[in-house]
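Asks: There's a structure below that I have some questions on.
The values are calculated or read from the model by the stated rules, or taken from the named source; none is laboratory data. Since the model is a prediction, treat every value here as computed from it, not as a measurement. Every residue, glycine among them, receives a Cβ derived from its backbone with ideal geometry; neighbour counts consider all protein chains shown. Just so you know, the surface numbers come from the protein's heavy atoms only, side chains and all, with ligands and any DNA or RNA stripped out. Shrake-Rupley method; radii C 1.70, N 1.55, O 1.52, S 1.80 Å.
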Amino acid sequence: MKTKELQIRTLSSLAKVFPQRIVGNSHTRVDGVCGTEVSFQVALRMVAPRYRQDDYEIKVISELSERIKLYKVGLVPSALPVYPHSLDENYITSSPQLFPDPLLPIENFTFRAAAYNWRSIWVTVNIGEDIEAKEYPITLEFYRKGELKGRARFNISVHGVRLPESDFIYTDWFHCDCIADVHGVKIFSEEHWSLIESYMRLASKHGMNMILTPILTPALDTAVGAERPTVQLVGVEKTGDEYNFDFSLLKRFVDTAKRCGIERFEISHFFTQWGAEFTPKVVAQVDGRSKKIFGWHVSSLSPEYAEFLRALVPQLISFLESCGTPRENIYFHVSDEPNEVHLERYHKVSALLYPLIEGCKHIDALSSLSFYKQGLVNTPVVATDHIKPYLDDGISELWCYYCCSQGKKVSNRFLAMPSHRTRIIGVQMYKYGIKGFLHWGYNFYYTQFSKRLVDPFRETDAVEAFQSGDAFVVYPYGDGVISSLRQKVFADALNDMRFLSLLEAKIGKEQVVAELDRLMGEDITFESCPESERFFDELYKMIFSYLES
């Protein structure tokens with residue numbers, strides 16, 4: 001009997017394909033609606049008595065072929081998949097190894113398969129607003145030297161419903177300095193601005209609608225006494241005790257963001273991280289010379305810095321309003337991740353800022369309820385493993401976040417987590433009426449404390465500091481940027497929220513939540529993660545059974 005040359009498996013977007021195993025079940029269909037993107041995977045492995053690899057030409061056969069894009073799921077290493085103290089039973093592995101993540105463009109419809117090792121093709125289908133609701137078969141045929149060697153078949157079920165616009169806010173901190181450094185271009189050169197727009201556009205495509213705006217160089221993840229490259233968008237000139245500001249770079253940043261569909265602006269922190277003890281780096285022209293007038297050498301309680309903020313902030317707000325950004329779309333930070341020890345200092349510095357930002361929003365990532373109880377943060381952004389007291393308190397304007405510290409029981413986006421655990425965050429946020437989500441690392445390509453640049457294809461854990469997957473969800477690629485498996489899965493989580501809102505309009509939230517708890521087999525909390533991707537199969541069966549009845 002002739003030996004079959006290719007083993008082929010069709011999989012959902014929630015599978016992870018490792019060289020020696022596939023985590024996830026076979027799938028042959030996915031549900032979609034007009035105006036969204038859906039994804040699935042095709043895993044291939046050659047059948048051969050010894051190792052070999054060969055190129056296969058791919059032919060896509062479908063009514064939707066012009067809307068289909070193919071990517072190779074690349075592999076990246078992790079030396080730190082999970083902190084030992086965070087390990088629970090719902091990780092794929094705790095061992096350092098290669099993980100599937102970057103989505104590399106497939107050139108000329110050619111894909112290289114290998115014996116013994118599984119490799120995966122990620123297929124995205126852009127379902128346009130004008131697509132007829134029906135079943136769309138998709139076939140991928142694989143040819144070697146002109147001879148058909150195998151086929152993969154998948155179905156897209158397009159339903160005749162429209163998702164509502166979402167008022168949910170999502171920000172993933174955007175690091176302009178990392179873009180310049182990893183691509184080797186000068187900060188705010190034309191090459192840099194082109195790259196900034198590419199990174200913004202990819203973020204917006206995947207649901208990000210608010211952007212960290214470095215009016216001053218962000219005082220984030222920087223070793224005490226050290227500094228990150230200057231990406232200050234506001235020019236500062238100091239003459240005696242007077243300040244003049246140049247907003248031309250900020251204008252270009254705002255215009256670029258809006259061109260990419262981002263309308264909300266999150267102003268970088270006015271005080272240093274983990275305690276608000278010092279001021280961020282501020283470079284100014286003083287008597288015709290460039291000088292660092294604030295930074296680690298200046299206390300956050302400095303009267304000079306207070307005068308600087310009193311001069312800057314009102315003009316900043318007026319400028320953003322003149323660019324068509326209303327105050328409710330301007331978000332300010334004091335300091336990132338303060339704790340109880342920092343309460344007194346935080347109180348003092350926030351008292352300086354608050355009178356200056358009337359009508360704007362103030363958000364900060366924190367865990368302690370005391371900051372909210374004392375009126376120090378009007379929109380708390382709470383770690384998912386510390387959120388229960390806030391939920392019990394019935395706070396209406398509640399956001400959540402996770403980072404490297406949220407690894408046990410809760411959802412996160414680490415490489416070592418199964419994708420269904422990453423995606424469940426959307427269901428959780430819907431149930432509890434969360435208004436926004438913040439993450440610190442859209443594209444952080446430095447080591448911990450920003451001591452040096454890393455190659456994100458080689459060092460995914462900030463040199464064994466953060467669990468791999470925490471620091472970034474996109475990869476630099478040539479003169480641009482590419483997505484990741486995890487970015488696609490999180491975007492699907494945001495769409496899950498829109499589907500549930502649509503269902504709520506028909507049957508009410510109480511019944512929607514009851515159905516979600518039924519599918520999970522328990523009352524869903526932020527520590528409820530499904531055992532497999534089957535939860536999402538059942539979720540969409542339930543949603544469409546109501547919507548189409």
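Asks: Working out 0.36 nm times the residue gap between SER166 and THR28, then minus their Cα-Cα distance, what length gain in nm do you get to one decimal? Provide the component values of the computation, followed by the final result.
Replies: Details: separation 138, 0.36 × 138 = 49.68 nm, distance 2.94 nm.
Using 0.36 nm per residue and subtracting the Cα-Cα distance, I get 46.7 nm.
Asks: Distance in nm between label sites at SER157 and ILE61, each 7 Å beyond Cα in the beta-carbon direction?
Replies: 2.4 nm
Asks: Additional query: Order the peptides 420-429, 30-39, 342-351, 86-95 from the highest to the lowest mean number of other Cβ atoms within 10 Å of their residues. It would help to have the intermediate numbers written out before the result.
Replies: Numbers: 420-429: 24.7, 30-39: 19.2, 342-351: 17.1, 86-95: 14.9.
Going by the mean number of other Cβ atoms within 10 Å, highest first, we get 420-429, 30-39, 342-351, 86-95.
Asks: Using only the Cα atoms of segment 495-537, construct the convex hull and provide its projected area averaged over every direction, in square nanometres to one decimal.
Replies: Numbers: hull surface 12.8 nm².
Result: a mean projected hull area of 3.2 nm².
Asks: Return one whole number: the accessible area per residue of the chain in Å², for a 1.4 Å probe. Before the final figure, lay out the partial values.
Replies: Numbers: 22260 Å² over 549 residues.
Each residue of the chain exposes 41 Å² on average to a 1.4 Å probe.
Asks: Using the alpha carbons of segment 356-478, what is the convex hull volume per residue in cubic angstrom, as a whole number?
Replies: Each residue corresponds to 155 Å³ of Cα convex hull volume.
Asks: Please work out the C-alpha center-to-center distance from segment 66-105 to segment 1-39 and express it in whole Å.
Replies: First find each Cα centre; the distance between them is then 16 Å.
Asks: Please give the solvent-accessible surface of ASP130 in Å², to the nearest 10, using a probe radius of 1.4 Å with every protein chain present.
Replies: Around 120 Å² of this residue is reachable by solvent.
Asks: Find the percent of Cα-Cα distances in segment 293-434 that exceed 24 Å, and round it to a whole number. Can you show the working numbers first?
Replies: Numbers: 4333 of 10011 pairs.
The answer is 43 percent, as a whole percent.
Asks: Based only on Cα atoms, what mean projected area does the convex hull of segment 122-180 have, in nm²?
Replies: Numbers: hull surface 34.7 nm².
That works out to 8.7 nm².
Asks: Could you state the number of Å between the C-alpha centres of segment 344-394 and segment 186-248?
Replies: Here the answer is 24 Å between Cα centres.
Asks: Along the positive direction of the dipole of the chain (beta-carbon charges: Lys, Arg +1; Asp, Glu -1; about the Cα centre), which of TRP274, ILE424, VAL42 reaches farthest?
Replies: Final value for the positive-end residue is VAL42.
Asks: For segment 272-332, what D do you get in µm² per second when you plug the Kirkwood radius from alpha-carbon pairs into Stokes-Einstein at 4 °C and 1.567 mPa s? The partial results should precede the final answer.
Replies: Numbers: Rh = 13.3 Å.
Here the translational diffusion coefficient equals 98 µm²/s.
Asks: Can you give the accessible area of HIS386 in Å² (nearest 10), computed on protein heavy atoms with a 1.4 Å probe?
Replies: About 90 Å², ignoring ligands and nucleic acids.
Asks: Limiting things to C-alpha atoms, what are the Rg and the maximum Cα-Cα separation (Dmax) for segment 388-453, in angstroms?
Replies: Answer for segment 388-453, Rg first and Dmax second: 14.2, 43 Å.
Asks: Once neighbouring chains are kept in place and the probe is 1.4 Å, which whole percent of the accessible area of segment 73-222 is contributed by carbon and sulfur?
Replies: On the way: 2840 of 5890 Å².
That share works out to 48 percent.
Asks: Here is a further query. What is the dipole size for the chain, taken about its Cα centre, with +1 at each Lys and Arg Cβ and -1 at each Asp and Glu Cβ, in debye to the nearest 20?
Replies: Numbers: 61 positive and 71 negative charges, 398 e Å.
Charge dipole, the chain, about its Cα centre: 1920 debye, nearest 20.
Asks: Please give the Cα centre distance for segment 516-549 versus segment 300-318, rounded to the nearest Å.
Replies: Centre-to-centre (Cα) distance: 49 Å.
Asks: Right, something else. For a 24 Å ceiling on Cα separation, which of these pairs sit above it: LYS431/LYS506; LYS186/LYS292; LYS134/LYS258?
Replies: Listed pairs above 24 Å: LYS134/LYS258.
Asks: On a straight-distance basis, which lysines could pair with LYS149 in a cross-link, Cα separation under 22 angstrom, same-chain partners fewer than 8 positions away excluded?
Replies: LYS2, LYS4, LYS59, LYS69, LYS72
Asks: What is the chain's relative contact order, in percent, from Cα pairs under 8 angstrom and six or more apart in sequence? Display every interim value, and only then the final one.
Replies: On the way: 1142 pairs, mean separation 86.8, N = 549.
So the answer I get is 16 percent.
Asks: Further question: Evaluate 2.2 N^0.38 Å with N set to the residue count of segment 312-366, then give the Cα radius of gyration divided by it.
Replies: Details: Rg = 12.6 Å, N = 55, 2.2 N^0.38 = 10.1 Å.
Against the empirical 2.2 N^0.38 Å value, I get 1.25 for segment 312-366.
Asks: So what is the calculated 222 nm ellipticity per residue for the chain, using -39500 (n - 2.57) for each DSSP H run with n of 4 or more, over all residues, to the nearest 500 deg cm²/dmol?
Replies: Working: 12 runs with 137 residues, N = 549.
So the helix-based figure for the chain works out to -7500 deg cm²/dmol.
Asks: At 7 Å along the Cα-to-beta-carbon direction for both LYS291 and ARG144, put a label point, then send me their distance in nm to one decimal.
Replies: A separation of 7.1 nm, rounded to one decimal place.
Asks: To the nearest 20 debye, what charge dipole does segment 343-499 have about its Cα centre, counting +1 at the Cβ of each Lys and Arg and -1 at the Cβ of each Asp and Glu?
Replies: On the way: 18 positive and 15 negative charges, 48 e Å.
About 240 debye.
Asks: What's the Kirkwood radius of the chain in Å, using all Cα pairs? Numbers along the way, then the final one.
Replies: Details: mean 1/r = 0.0403 Å⁻¹.
For the chain, inverting the mean 1/r across all distinct Cα pairs yields 24.8 Å.
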